[in-house]
Amino acid sequence: MSDESSDHKQSRLFTTEDGDFDEDRAKADALPVEDGEVVDTGELADHQRYVEERGIYDERNRVNDLTGREWKFATKSVIPEQYPPALQHDLRSEHGGQKPPRLCLALIQRFSKAGDRVLDPFAGVGGTLLGASLAEYEGTGRRDAVGFERNDRWIDVYETVLERENADREARGEGPLAAQELRHGDCADLVEDVETDGVDFLLTDVPYWDMDKVEQTRNEAATRDSKLGDFDDDDRQTKADWLEEMEAKFAQFRRVLKPDGYVAVFIGDMYREQSYNMLSAALADRIEAAGYTMKANLVWYDPSKDLHVYGYPFSFVPSMVHQNILVFRND
């Protein structure tokens, strides 16, 4: 059949009364549809295959397991999503800097493939590890993950979360989340035991100076002080020292990250002493100095964040409802 007659047949079978393409009808007839067009799977290139309900996957994809359609949305620079409290959130929220496991899952989906190994050198209560396990059921396949954490309390929290969550999942008839490896100690020491090029993706939320030693408190004033204390407090690490330490540690991580492997780093900016402190830019410079190439700055905007009246009526002070996710590649 000629191309012209094929086009005519497609138009005749899958158009509305107004002559527009009827995507719902095509899907109802179990025909693959991509970007509003019926996919002729017989004309796909050898490196392409159609994945039902997901689109066309290119076997040359070395970054992740996403189809072209999924890739398009994954490259959006803003993630405007509220991740509801889940996976024993009440327990995990004891850690002041915990990240939603499903946000970690979304990043793992973007920058790794099923079966890859993910490293979180500042693991906290294990959001990255939980995200890697969730990928078995809510993504393209489970990733193996290893985390480093020097606070015993957070390791205990992760293990308790996994135990309780799997009990809840069993009660719902769902499969268990795989236990990932969370090692106790300083990342500078533990990374030496990881084989060269043994990690495919590094995802982490870097600690602010000595924040990993500070437990969240229900006292609002004390919480604000613990999170936003001055870098130059006599009892705390200075900003310069913190940046120096981050550069040194990320330089260490390069050995274990495979060539062309990606790094994603959570970092929030701060407003201190009537000035906006762009920690993300300062940290990005130091990670690049450690040998990585910066590829993107993703912004996670959380619509659920509470707003407060800051500065009114004398000065504009921002309500911080976003975090930066710095993305690098180990070129």
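Peptides 73-83, 246-256, 105-115, ordered by how many other C-beta atoms sit within 10 Å of their residues on average, highest first, read 105-115, 246-256, 73-83. If R0 is taken as 35 Å, the Cβ-Cβ distance between Ala86 and Asp46 corresponds to a FRET efficiency of 0.30. On the basis of the beta-carbon distance and an R0 of 30 Å, Lys239 and Arg69 show a calculated FRET efficiency of 0.10. In order along segment 326-331, the phi-based Karplus estimate (6.51 cos²θ - 1.76 cosθ + 1.60, θ = phi - 60°) of 3J(HN,Hα) comes to 7, 10, 10, 10, 8, 6 Hz; Gly and Pro are listed as x.
The local environment of Asn64, defined by Cβ-Cβ distances under 10 Å, has a net charge of 0 under the rule Lys, Arg +1 and Asp, Glu -1.
Here the mean projected area of the convex hull built on the C-alpha positions of segment 259-312 is 5.3 nm².
For segment 65-116, the mean projected area of the C-alpha convex hull, equal to one quarter of the hull surface, is 4.6 nm². Compactness of segment 120-203 is given as radius of gyration and Dmax, 13.4, 41 Å, from Cα positions. From most to least packed by mean Cβ count within 10 Å, the peptides 44-57, 134-147, 116-129 give 116-129, 134-147, 44-57.
Amide H contacts of Arg183 (H built 1.01 Å from N, in plane; Pro and chain starts excluded): Gly147, Phe148, Glu149 sit under 5 Å, all sequence-distant by 5 or more or on other chains.
Label-to-label distance, Glu59 versus Arg164, with points set 7 angstrom from Cα along the beta-carbon direction: 4.6 nm. Modelled spin labels at Glu192 and Arg272, positioned 7 Å past Cα toward Cβ, are 3.1 nm from each other.
Per the Debye formula on identical point scatterers at the alpha carbon atoms of segment 60-163, with no solvent, log10 I(q)/I(0) at q = 0.14, 0.23 Å⁻¹ is -0.54, -1.26.
Three semi-axes describe the equivalent ellipsoid of segment 116-160; taken as square roots of 5 times the Cα gyration tensor eigenvalues and ordered largest first, they are 20, 11, 6 Å. Values of log10 I(q)/I(0) for segment 227-331 across q = 0.14, 0.17, 0.22 Å⁻¹ run -0.66, -0.89, -1.20, by the Debye formula with one identical scatterer at each alpha carbon and no solvent. Here the peptides 192-198, 97-103 are ranked by packing, the mean other Cβ count within 10 Å, and the order with the highest first is 97-103, 192-198.
Each reported figure results from applying straightforward, stated rules to the coordinates on display, with no laboratory input. All of these numbers come straight from a predicted model, not from anything done at the bench. Note: ideal-geometry Cβ built from the backbone for every residue, glycine included; neighbour counts use all protein chains shown.
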